[in-house]
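Student: So that we are looking at the same thing, I have put the structure below in structure tokens.
The values are calculated or read from the model by the stated rules, or taken from the named source; none is laboratory data. The model shown is predicted, which means the values in this text are computed figures rather than measured ones. Note: ideal-geometry Cβ built from the backbone for every residue, glycine included; neighbour counts use all protein chains shown.
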Amino acid sequence: MADEGQQDPVKSAKFRATDTLTDWDSALSDALAAVEGLRRDSDIVPALDAGLAPNNEAVVAEQAQLRNEVEDLRAELTVAQQGLARAQAENAQLTGQTATLRRMLQRTETDLPLQATRKLLESLLPALDHLESLTTFMLADEALSPQNREAVEMLEGEWRRALARMQIEPLEAVGQPFDPNLHQMIAQHYADGVAQGMVLRQVHRGYTLQGKLVRSAAVVVRGPKPPTS
């Protein structure tokens with residue numbers, strides 16, 4: 001990004017071109033005014049001295065020539081102004097296209113690592129499901145020795161920290177109200193003491209990556225009480 005103290009060279013060139021054309025237009029207007037003044041002065045020459053008529057005709061002819069030259073220059077100036085306007089329009093279009101390309105590149109630089117991480121996570125999800133099931137099963141075993149329990153807890157903590165470093169967050173669904181944006185209901189069961197619509201159990205965990213859902217949690221939801229026979 002250019003320093004605030006530095007001027008944009010393209011804008012500076014525009015201003016210089018515009019100023020130049022404006023100066024030319026002013027100069028041509030002054031030339032036309034001068035020609036008009038000469039013409040008015042020549043109109044009184046015959047009245048002052050009829051003997052200067054031939055010279056007066058030469059002055060009038062020269063004025064006409066000057067007028068034609070000024071008009072030609074004015075036409076060239078008009079063409080130049082039109083060319084400048086086209087160049088400015090093309091430059092504005094190029095500036096817009098450049099800004100669009102810059103935004104696309106920035107999005108690409110941001111999205112590519114995210115897409116790579118998402119693909120990696122999706123390929124690891126089955127292994128994560130098995131690992132979580134195994135650690136949950138082992139920690140639920142009352143016969144597990146304290147040393148083995150500590151080792152399993154360390155393993156569970158390691159893989160959770162590894163996910164956190166990649167900005168991958170597991171969803172906690174059990175005990176939460178069913179949310180179709182986060183959960184996939186695969187069954188409904190009735191349970192006393194649990195409000196209807198609450199998640200009773202999750203079959204597999206859901207995950208988010210940088211706050212965006214990668215996989216919904218497959219859950220069992222508390223349903224209505226079955227009718228009594």
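Student: Based on this model, can you work out whether Gln176 counts as of a type in the set (S, T, N, Q) and in contact with a Gly (Cβ under 8 Å, 6 or more places away or on another chain)? If you could, list the steps in order and put the result at the bottom.
Tutor: Working: of a type in the set (S, T, N, Q): yes; in contact with a Gly (Cβ under 8 Å, 6 or more places away or on another chain): no.
When the stated conditions are applied, Gln176 does not pass them.
Student: Here is a list: Arg149, Arg160. Which entry is modelled with pLDDT of 85 or more and more than 26 Å from Leu213 (Cβ to Cβ)? Walk me through it before giving the result.
Tutor: Details: Arg160 fails: more than 26 Å from Leu213 (Cβ to Cβ).
The conditions single out Arg149.
Student: Another question, if that's okay. Is it the case that the stretch 151-164 has a residue that's out of contact with any His (no Cβ under 9 Å at 6 or more places or on another chain), within 30 Å of Leu112 (Cβ to Cβ), loosely packed, with under 14 Cβ neighbours inside 10 Å and acidic (Asp, Glu)?
Tutor: Taking every residue of the stretch 151-164 in turn, at least one turns out to be out of contact with any His (no Cβ under 9 Å at 6 or more places or on another chain), within 30 Å of Leu112 (Cβ to Cβ), loosely packed, with under 14 Cβ neighbours inside 10 Å and acidic (Asp, Glu).
Student: Return the residues of the stretch 190-201 that are surrounded by fewer than 20 Cβ atoms within 10 Å (Cβ to Cβ) and assigned to a strand (DSSP E or B); say none if nothing qualifies. Steps first, answer last, please.
Tutor: Initial filter on the stretch 190-201 (surrounded by fewer than 20 Cβ atoms within 10 Å (Cβ to Cβ)): 190-198, 200-201.
Listed by number, the residues that qualify are Met198, Leu200, Arg201.
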